[in-house]
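Engineer: Sending over a structure as structure tokens; questions will come in a sec.
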Amino acid sequence: MMRFGVIRFHGSNCDRDCYHVVDRVLQQPVYWIEQNQKDLAGVDVVLIPGGFSYGDYLRAGAIAARTPVMDAVREFAERGGLVLGICNGFQILCEAGLLPGALMVNASLRFACHFAHVRVEAVDTPFTWALSPGAVLRIPIAHHQGNFQPDVTPFQGRVLFRYCDAEGHIVPAANPNGSWEAVAGIANGRGNVVGMMPHPERCSEAVLGATDGVGIFRSLLCWWEEVGGYDV
Amino acid sequence: MTSSVWEAVGLTEAEYRKIGEYLGRDPNALELGIYGLMWSEHCSYKSSKRHLETLPTEGPQVLQGPGENAGVVDIGEDIAVAFRIESHNHPSAIEPVQGAATGVGGILRDIFAMGAQPIALLDSLRFGNLDTPRVRYLFEGVVEGISWYGNCVGVPTVGGEIYFDDAYRDNPLVNVMCLGLVEKDRLVLGKAAGTGNSVLLVGAPTGRDGIHGASLLASREFLEEPEDMRPAVQVGDPFREKLLIEASLELLQGDAVIGINDLGAAGLASACSETATRGGSGMSLDLDQVPRREEGMTPYEVMLSESQERMLVIVEAGREAEVYRVFEKWGLDAVQIGEVTDDGALSVYHQGQEVARIPVTSLTEGAPVYDRPMGEPLMVRETVSEDVLPPPDYNEALLTLVGDPNLCSRRWVYEQYDHMVGINTVVYPGSDAAVLRVKGTQKGIAAVTDGNGLLCHVDPYRGAARVVAESYRNLSATGALPLAITNCLNFGNPERPEIMATFSDVIRGMGDACRALNTPVTGGNVSFYNETQRRSVYPTPVVGMIGVLDDVNKYGKTGFTTLDNPVVLLGDLGTHLGASQYLRVTQNQIVGPVSEPNYELERRMGTVCREGIRRGWIASTHDISDGGLGVALAESAALSSEQLGANIALPNDPRPDVSLFSEAGTAILVEVFSADIEEFLERARAMGCPAQPIGQVIPAELLISHKDFGLLVNLPISKIRQSWEEGLQ
Amino acid sequence: MRVNVYIRLKGGVLDPEGETIKNSLQGLHFSEVQSVRAGKVFQLELSEEDPARARQRSEEMCRQLLANPVIEDYQIEIMEPPS
């Protein structure tokens, strides 16, 4: 059993979707974590869901990054805890300084909601453990600010997913937002904190016609079983 | 020029006298202001009521008909769907981003006021032709407003329609539909009952938004430049709306709430009088308790403010703290502003003084109702000439049609809407109707909005009937059983007899169609005065229809899927080109006739389609409507994820142009799995629905031929897709 | 000539962004914050030497594009050219 916590900020709106997938698809224990909670005891992995925390006012993720629960997340991550930020969750992790870089407005200047292809760039993290290197996943995106830019070069993080075409080629036409190096998802150097713009929870059930997302969640479970967790 | 006191609030002298009769005295300025808004066309439905009463509203599936915040239908397994459509035309003409955004906010509140979790939005939008900067500004602003508000609040925008025509140049139409899910026994109504129970105002503080604003605009013609009416614009806050949804639904899990109502047009005045009317009660309000955003607001401004993201909650006396606790958790105001009384009056206090005292029902049920004079309905009597020439080049005609702004792909728009949040969307925008799963069950819900101003302009009675029939067909093509409709009726000035007669014809057509197809009307909205300097929009009834699928894993959607599958024409193609997009686009002609719908065939075809989908015989579907069979085939190819087209032999009719482009028929295009074709055709015949194999699925091309005329269309799919995808950019 | 243009929501128009930022600042213990109004700044470089004309042209830009006069006010600040 791997215990999941889903953070619910005011304005998160993919919180129930993440909860549903953990509960009904992965069938793992899942708990709500409120924005003022200061303690993450009892969970093995924290999901920071998508949405518009605090209305995206000021900068996407800026206000959520400065709530008490994020201090707890920082501490949790320092102890090696696993953290996955999806979409607005990725923006929050960057604003909180837990991941390097920033997410700017899409090059098109428009919100973009559609399926995108991403290529798996590294499989030695808990989040990509069960995936094949170079595998192409078809996952929906839905964001206005997903244009990733590194803060310093050389980039201090690790690239986990890059936008590609259906065959896995990194081509400009497949980059939906103008991200540097077609980045769709990154990890910190240690590999325990991951942010990604695509939404794996939106493609984890056959009834929705797409199931590539479930591989990312299953990776966590495989890693947990094989590596036996981390030292908290 | 000095106007009379009644004219200043938009009322007539007779109406002013009627107020005097209700009160037994002259109204004071506050009371008159309240009457002015409550008796406005927008709030009172005074011109439309008589006609709306003729619509069918009942059926075993209907749990709540017109008169509440939203209609409600039963989909089985103790689950109900609350749904409604509403217009925000006038606000969107003034400030498109905020006008459209607050339209989304308002309809969401109507749905969660029923205790339902909003699960989907659809919008029907109409603008002038895109060739002027002003229209571009309105179009892009409205899309931005819907995208901003809907995406932020976390309710997916799963469908809708967009139409461009010069008739909407000065008066864009923005109609938004929302649907939500509620357990049958947890339905909440907007009523204030039980003397001594508490009246709470929750959500955002009150400012001067919308004073003298949208409701009055929606009750008059645009005479001046919209820019001159600016101070009234309401600004939406989707973040606060999201918190309001969470807090309201959490509160409704308990049993302290007697009733809850949205604050929309006419603000507190409307919410209080409506809830008290439904509860057969009165209400006393202390305006000093209302949380304000601005200083120095008058009682008039507080009572009539249209500030967004507010709700009125009627709660059992002594249990107010339960409300405070929940709303504080979500960072929202919740303040007791009054109580339910038994004297049937709306009494308003300000600084200890009673400043208004009005019999509640005189604001609602007692509002004036008019039988407006009716002249000859507006319609186009000229019919399509027999010798309209076929297109010199069918390839070119078809490419022109699929690239027309009214027929091309809406991807540019719907990709700006989050259509997936909530992880219920099974069939995305682009098909005939959206399909959503109902978590925890096998069921699915299908929803569509449909309007056709052109058809109703040519023939209001038949046009409106065909709009209902087409919505029914859209749902049939997804495999859903249609249940009920909500309507949004967009018209010009009802004081013009010809407009009123047209309205009446539309209502008759809609009513006849709803009776024939067993889809009662559960509510909706009327928007009159969509005209500027006597230039009215097309009569545009928009239908929002919902249906149910027993197994959400078995649905129909558009786009060829499998090589060599037979393509079958279900139903009958039309026999003329009247009121078709083909005539409009290629010949610049808008002429009749409009054919009466074939309800019997519509129902049989629906049954065949549903059964074919349920049994897994049908691989893809597309209803035949705007642009006819030709456009339906082109879209089925353009939406094929496998780059598949079809080789089609047209029926042996002497006019292939009519077969390809008529919109007068009752037909659905279906792709059937090769192994199941015999069984499917036999079943269709047994059920009395014509089913004609017309070709098969082939790679990469669309070929259409006719026995006597040879190969008419010969197009690579890439070319079709290019025209279709680029039409809006 | 350098011109700074400040765009803000008109007084009385709801400013959800300012409200949310205010609440967050108060949450971070800046309890002296009474109100926040959000806005935008545009820095324009104009090939125009005459301050009066620069102001007039900037006002036109505000009316036609930079501000949404339905809900926003603007303020123009003419910066002296660097000497």
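The values are calculated or read from the model by the stated rules, or taken from the named source; none is laboratory data. Model, not experiment: these values are computed from the prediction. Note that we place each Cβ from the backbone using ideal geometry, even for glycine, and neighbour counts take in every protein chain shown. Accessible surface is based on the protein model in full, side chains and every heavy atom, while ligands, DNA and RNA are left aside. Shrake-Rupley method; radii C 1.70, N 1.55, O 1.52, S 1.80 Å.
Engineer: Looking at B:Leu268, B:Leu244, B:Leu285, B:Leu304 in this structure, which one is crowded, with 24+ Cβ neighbours inside 10 Å, within 14 Å of chain C (Cβ to nearest Cβ) and not small (Gly, Ala, Ser)?
Structural biologist: Numbers: B:Leu268 fails: within 14 Å of chain C (Cβ to nearest Cβ); B:Leu285 fails: within 14 Å of chain C (Cβ to nearest Cβ); B:Leu304 fails: within 14 Å of chain C (Cβ to nearest Cβ).
Answer to the check: B:Leu244.
Per-residue answers, yes or no, for (1) in contact with a strand residue (DSSP E or B) (Cβ under 6 Å, 6 or more places away or on another chain); (2) within 24 Å of A:His143 (Cα to Cα); (3) among the hydroxyl-bearing types (Ser, Thr, Tyr):
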position: A:Val21; (1), (2), (3): no, yes, no
position: A:Gln37; (1), (2), (3): no, no, no
position: A:Pro68; (1), (2), (3): no, no, no
position: A:Asp71; (1), (2), (3): no, no, no
position: A:Arg74; (1), (2), (3): no, no, no
position: A:Glu78; (1), (2), (3): no, no, no
position: A:Leu84; (1), (2), (3): yes, yes, no
position: A:Asn88; (1), (2), (3): yes, yes, no
position: A:Glu95; (1), (2), (3): no, yes, no
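Engineer: A further question follows. The conditions are (1) more than 20 Å from C:Lys22 (Cα to Cα); (2) away from chain B (no Cβ under 11 Å); (3) small (Gly, Ala, Ser), and A:Gly51 fails exactly one of them. Which is it?
Structural biologist: (2) is the only condition that A:Gly51 fails.
Engineer: On the basis of being open to solvent by 30 Å² or more (accessible area, probe 1.4 Å) and at pLDDT below 95, does B:Thr12 make the cut? Spell out how you get there, then give the answer.
Structural biologist: Numbers: open to solvent by 30 Å² or more (accessible area, probe 1.4 Å): yes; at pLDDT below 95: yes.
Yes, satisfied.
Engineer: Can you go through C:Gln26, C:Gln34 and tell me which one is within 14 Å of chain B (Cβ to nearest Cβ), open to solvent by less than 90 Å² (accessible area, probe 1.4 Å) and over 19 Å from the mean Cα position of the chain (by Cα)? Before the answer, list the steps.
Structural biologist: On the way: C:Gln34 fails: open to solvent by less than 90 Å² (accessible area, probe 1.4 Å).
That would be C:Gln26, the only listed residue that is within 14 Å of chain B (Cβ to nearest Cβ), open to solvent by less than 90 Å² (accessible area, probe 1.4 Å) and over 19 Å from the mean Cα position of the chain (by Cα).
Engineer: Looking only at the range A:17-39, count every residue that is open to solvent by less than 60 Å² (accessible area, probe 1.4 Å) and not in a loop (DSSP other than H, G, I, E, B) and tell me the total.
Structural biologist: Total satisfying the criteria: 10.
So that you can scan it fast, the table gives a plain yes or no per residue for (1) in contact with a Cys (Cβ under 6 Å, 6 or more places away or on another chain); (2) touching a residue at least 12 places away in the same chain (Cβ under 8 Å); (3) of a type outside the set (A, V, I, L, M); (4) closer than 22 Å to B:Gln351 by Cα:
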{"position": "B:Val257", "(1), (2), (3), (4)": "no, yes, no, no"}
{"position": "B:Gly264", "(1), (2), (3), (4)": "no, yes, yes, no"}
{"position": "B:Ala276", "(1), (2), (3), (4)": "no, yes, no, no"}
{"position": "B:Ser281", "(1), (2), (3), (4)": "no, yes, yes, no"}
{"position": "B:Val290", "(1), (2), (3), (4)": "no, yes, no, yes"}
{"position": "B:Glu295", "(1), (2), (3), (4)": "no, no, yes, yes"}
{"position": "B:Ser305", "(1), (2), (3), (4)": "no, yes, yes, yes"}
{"position": "B:Ile314", "(1), (2), (3), (4)": "no, yes, no, no"}
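Engineer: If you don't mind, another one. Assess whether B:Thr425 counts as being surrounded by fewer than 20 Cβ atoms within 10 Å (Cβ to Cβ), within 13 Å of chain A (Cβ to nearest Cβ) and modelled with pLDDT of 95 or more.
Structural biologist: Details: surrounded by fewer than 20 Cβ atoms within 10 Å (Cβ to Cβ): no; within 13 Å of chain A (Cβ to nearest Cβ): yes; modelled with pLDDT of 95 or more: yes.
It is false that B:Thr425 is surrounded by fewer than 20 Cβ atoms within 10 Å (Cβ to Cβ), within 13 Å of chain A (Cβ to nearest Cβ) and modelled with pLDDT of 95 or more.
Engineer: Are there any helices (runs of 4 or more DSSP H) wholly within the range B:433-547 with 3 or more residues that are open to solvent by 10 Å² or more (accessible area, probe 1.4 Å) and more than 18 Å from B:Ile85 (Cα to Cα), and if so which? Walk me through it before giving the result.
Structural biologist: Values: elements: B:453-458, B:460-478, B:497-517.
Counting at least 3 such residues, we get B:460-478, B:497-517.
Engineer: For the range A:112-169, give me every one of the strands (runs of 3 or more DSSP E) that falls completely inside it and has 2 or more residues that are of a type in the set (A, V, I, L, M) and within 13 Å of A:Ile216 (Cβ to Cβ).
Structural biologist: Numbers: elements: A:112-120, A:136-143, A:147-149, A:158-164.
Correct list: A:112-120, A:136-143.
Engineer: So, one more: Do we have A:Val152 as modelled with pLDDT under 95 and over 30 Å from A:Arg24 (Cα atoms) here? Step through it out loud before you land on a result.
Structural biologist: Working: modelled with pLDDT under 95: yes; over 30 Å from A:Arg24 (Cα atoms): yes.
For A:Val152, the condition - modelled with pLDDT under 95 and over 30 Å from A:Arg24 (Cα atoms) - is met.
Engineer: Can you name the number of the only condition in (1) closer than 30 Å to B:Phe503 by Cα; (2) surrounded by 15 or more Cβ atoms within 10 Å (Cβ to Cβ) that B:Glu382 fails?
Structural biologist: For B:Glu382, the failing item is (2).
Engineer: Here is a further query. Tell me, please, whether a residue that is among the charged types (D, E, K, R), under 22 Å from A:Asp56 (Cβ atoms) and in contact (Cβ under 8 Å) with a residue 60 or more places away in the chain can be found in the range A:143-155. Before the answer, list the steps.
Structural biologist: So the first thing to find is which residues in the range A:143-155 are among the charged types (D, E, K, R), and the list is A:151.
Of the ones still in play, those that are also under 22 Å from A:Asp56 (Cβ atoms) are A:151.
Cutting the leftovers down to in contact (Cβ under 8 Å) with a residue 60 or more places away in the chain gives us none.
No, the range A:143-155 has no match at all.
Per-residue answers, yes or no, for (1) open to solvent by 60 Å² or more (accessible area, probe 1.4 Å); (2) away from every other protein chain (no Cβ under 14 Å); (3) of a type in the set (Ser, Thr, Tyr); (4) closer than 24 Å to B:Arg292 by Cβ:
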| position | (1), (2), (3), (4) |
| --- | --- |
| B:Tyr324 | yes, yes, yes, yes |
| B:Asp343 | yes, yes, no, no |
| B:Ala356 | no, yes, no, yes |
| B:Leu363 | no, yes, no, yes |
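Engineer: I need the full set of residues from the range C:1-23 which are over 19 Å from A:Gln35 (Cα atoms) and either among the hydrophobic types (A, V, I, L, M, F, W, C) or away from every other protein chain (no Cβ under 14 Å) (or both), in order please.
Structural biologist: Once the filter is applied, which keeps residues that are over 19 Å from A:Gln35 (Cα atoms) and either among the hydrophobic types (A, V, I, L, M, F, W, C) or away from every other protein chain (no Cβ under 14 Å) (or both), the range C:1-23 yields C:Met1, C:Arg2, C:Val3, C:Asn4, C:Val5, C:Tyr6, C:Ile7, C:Leu9, C:Val13, C:Leu14.
Engineer: Name the pairs whose Cβ atoms lie under 9 Å apart, with the first residue in the range C:69-81 and within 11 Å of another protein chain (Cβ to nearest Cβ), the second surrounded by 16 or more Cβ atoms within 10 Å (Cβ to Cβ) and of a type in the set (Ser, Thr, Tyr), and 6 or more positions between them or separate chains?
Structural biologist: If the second residue must be surrounded by 16 or more Cβ atoms within 10 Å (Cβ to Cβ) and of a type in the set (Ser, Thr, Tyr), no pairs are left.
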